[in-house]
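The values are calculated or read from the model by the stated rules, or taken from the named source; none is laboratory data. In this text the structure is predicted, and so the values were computed from the model without any measurement. Reconstructed Cβ throughout: ideal geometry from the backbone, glycine too, with neighbour counts over all protein chains shown. Protein only, heavy atoms only, side chains kept; ligands, DNA and RNA dropped before computing areas. Shrake-Rupley method; radii C 1.70, N 1.55, O 1.52, S 1.80 Å.
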Amino acid sequence: SGAGKPPMYGDYEAQRHWQEVTYNLPIRQWYFNTSDNNLLYWGLDYPPLTAYHSFLCAYIAKLINPDWIALHTSRGYESQPHKLFMRTTVFVADLLVYIPAVILYCFSLKETSTKKKASICALCILLYPGLILIDHGHFQYPLSLGFALWAVICLSYDWDLLGSVAFCLALNYKQMELYHSLPFFCYLLGKCFKKGLKGKGLVLLTKIAGTVVVSFAVCWLPFCTDMEQIMQLSLITLFSFQDKVANIWCSLSVLIKIKNIVSPQTQLKLSFAVTFLSLLPTCIKLTVQPSLRGFKFALVSCALSFFLFSFQVHEKSILLVSVPVCLIINEIPFMATWFLLVSTFSMLPLMLKDGLLLAYAVTMLAFLSACTASFSIFEKTSAEDLQLKPFSLSLKGYVCWFKSFPKIVRSLFLLSVTLMGVLSLMSAAVHPPQRLPDLFPVSVSVISCLHFLLFWVYFNVVILWDSKNSRSQKKSS
């Protein structure tokens, strides 16, 4: 979307323009408003690694066709060769960082004991429609998610320092990786507590802290010569708010105009308080009882808390929840598949804006078919399969419908998929009433939010009632 439409031209132009800026201007001007760098025209608003990546792509683009990144004159440049080049840069980033991480992760899982099972797991993760359609369609290079996944892999092998470096790279590529920062912090801190803060634990904590400081220092080194540079970069990357869309505040505004009741400052404080409280139980559990399994579920729960309760988010931020869900698709295939379908559906207005209806339909069907065939998801809906056995035992004698639980869950899933399908067709083919021009986008937002709230409750129940998290994890070699 935005192609051929001045003055901004769309996300394609944003990525191209960053290459133009980083190649033609000195580093000290990359994040400052100057006559050559108008920050209102797709100013760089991501941390240094994104800028370095843009510079690398620009260097290659210069060798092929200097017009692609010519200062000022290249604004709005669109051609088939350049689009092919841009698509290639996304695919190469995938091949180098994200895809190898997915494959290695799946082949290192204890649950995927054979190569066939590991290959099937990797295929389903790589077929996730949200990442294909959004990150690739918007040239939102999935490097930050790839680095975060490498960090998870390192921690699974007890390579804590390497994992810390990998996650620092993720944070320094996109600041939205803050969604995952608390689980990393709590898990590593919990490991240090477990080893004892007067012995090996203190040594590990010191090493991790030093590793983080050095990693950030290296990434920010070109900007560290001037305090003004550091402050400008911090302000732009950490405080660049996005649109308010499909989270709890947006959905509530359909019924209650919150902005008319409280001030933006009060909204900000309220959202901070609710987000913090929603994160607290999971973070405490992970710190007190650190386990790799609990860590992966905490990544999902905490990221979903940020998405649902933060003051301002973008609909694309749901990908920060979806990728951790992909990591547990082999453990809870039914719920993971369901969540990943809903997460893609929640971005439907963006898909329609981008003209991706056909691609959306095809990739959704392909993903659902692959997961159904690979994991037999409809056969894994019991309380035990959904990791709810401890919770169901605690309610024994109070809730009588747990016997029919699998049937209820399957019915809800089919109802959910049907509703998403009908609303997708109506959004694409039916004109909304003149009085309600945003009827379908708002419906998508509210329905998705209700799903996400239920998923948030589910993941927190799994984490807080999981007795496995109290057991010591065997080290992987």
>> Can you find, among 136, 10, 103, the residue sitting farthest towards the positive end of the charge dipole of the chain, where Lys and Arg contribute +1 and Asp and Glu -1 at Cβ?
In response: 103
> Could you give the length gained on full extension between residue 450 and residue 110, defined as 0.36 nm per residue of separation minus the Cα-Cα distance, in nm?
Replying inline: 119.0 nm
>> Just to verify a number: FRET efficiency for residue 404 and residue 5, C-beta to C-beta distance, R0 = 56 Å, to 0.05?
In response: 0.60
> Round to a whole number: what % of the accessible area of the chain belongs to carbon and sulfur, probe 1.4 Å?
Replying inline: 69
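Taking the highest mean first, how do the peptides 350-362, 33-45 order by number of other beta carbon atoms within 10 angstrom per residue?
Working: 350-362: 17.3, 33-45: 14.6.
With the highest mean Cβ count within 10 Å placed first, the list reads 350-362, 33-45.
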> Can you give the FRET efficiency for residue 79 and residue 359, using 1/(1 + (r/R0)^6), R0 = 22 Å, r = Cβ-Cβ distance, to the nearest 0.05?
Replying inline: 0.50
> residue 231 to residue 366: extension gain in nm, 0.36 nm per residue of separation minus the Cα-Cα distance?
Replying inline: 44.0 nm
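Given Cβ point charges of +1 (Lys, Arg) and -1 (Asp, Glu) and nothing else, what value in debye, to the nearest 20, does the dipole of the chain about its Cα centre take? Spell out each step's value before the answer.
Details: 38 positive and 24 negative charges, 357 e Å.
Using only the charged Cβ atoms, the result is roughly 1720 debye.
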>> Counting C-alpha atoms alone, how compact is segment 1-137: give Rg to one decimal and Dmax as a whole number, in angstrom.
In response: 18.1, 59
> Where only protein heavy atoms count, and the probe is 1.4 Å, what is the accessible area per residue for the chain in Å²?
Replying inline: 47
>> Let's see if you can work this out: charge +1 on each Lys and Arg Cβ, -1 on each Asp and Glu Cβ, no other charges. What is the dipole magnitude of segment 140-297 about its Cα centre, in debye to the nearest 20?
In response: 680
> Semi-axes, largest first, in whole Å: what does sqrt of 5 times each Cα gyration tensor eigenvalue give for the chain?
Replying inline: 35, 29, 23
> Across all directions of projection, what mean area in square nanometres is found for the Cα convex hull of segment 60-142?
Replying inline: 6.6
>> Largest first, please: the extent of the C-alpha atoms of segment 258-346 along each principal axis, to the nearest Å.
In response: 45, 36, 15
> Length gain on complete extension for the stretch residue 415 to residue 67, per 0.36 nm per residue less the alpha carbon to alpha carbon distance?
Replying inline: 120.1 nm
> Which of the aspartates and glutamates could be linked to residue 259 by a straight reach, that is with a Cα gap under 16 Å, when you skip same-chain ones fewer than 8 residues away?
Replying inline: 243
> Which FRET efficiency value, to the nearest 0.05, do you get for residue 38 and residue 273 by plugging their Cβ-Cβ distance into 1/(1 + (r/R0)^6) with R0 = 45 Å?
Replying inline: 0.75
>> Using the Cα centre of the chain as origin and beta-carbon charges of +1 (Lys, Arg) and -1 (Asp, Glu), tell me which of 320, 461, 178 is placed farthest towards the positive end of the dipole.
In response: 461
> Can you give the relative contact order of the chain as a percent, counting alpha carbon pairs under 8 Å and 6+ residues apart?
Replying inline: 16
> Roughly how many debye, to the nearest 20, is the charge dipole of segment 246-466 about its Cα centre, given +1 on each Lys and Arg Cβ, -1 on each Asp and Glu Cβ, and no other charges?
Replying inline: 380
> Cross-link partners among aspartates and glutamates for residue 195, C-alpha distance below 17 Å, same-chain residues fewer than 8 apart left out?
Replying inline: 158, 160
>> As a test of the formula, what do you get for the chain when each DSSP H run with n ≥ 4 contributes -39,500 (n - 2.57) and the sum is divided by the residue count, at 222 nm and rounded to the nearest 500 deg cm²/dmol?
In response: -20000 deg cm²/dmol
>> Please list log₁₀ I(q)/I(0) at q = 0.10, 0.15, 0.17, 0.19 Å⁻¹ for segment 246-466, using the Debye equation with identical point scatterers on the alpha-carbon positions.
In response: -0.50, -1.09, -1.32, -1.50
>> If I model a spin label at residue 59 and residue 259 as a point 7 Å from the Cα along the Cα→Cβ vector, what separation in nanometres do I get?
In response: 4.4
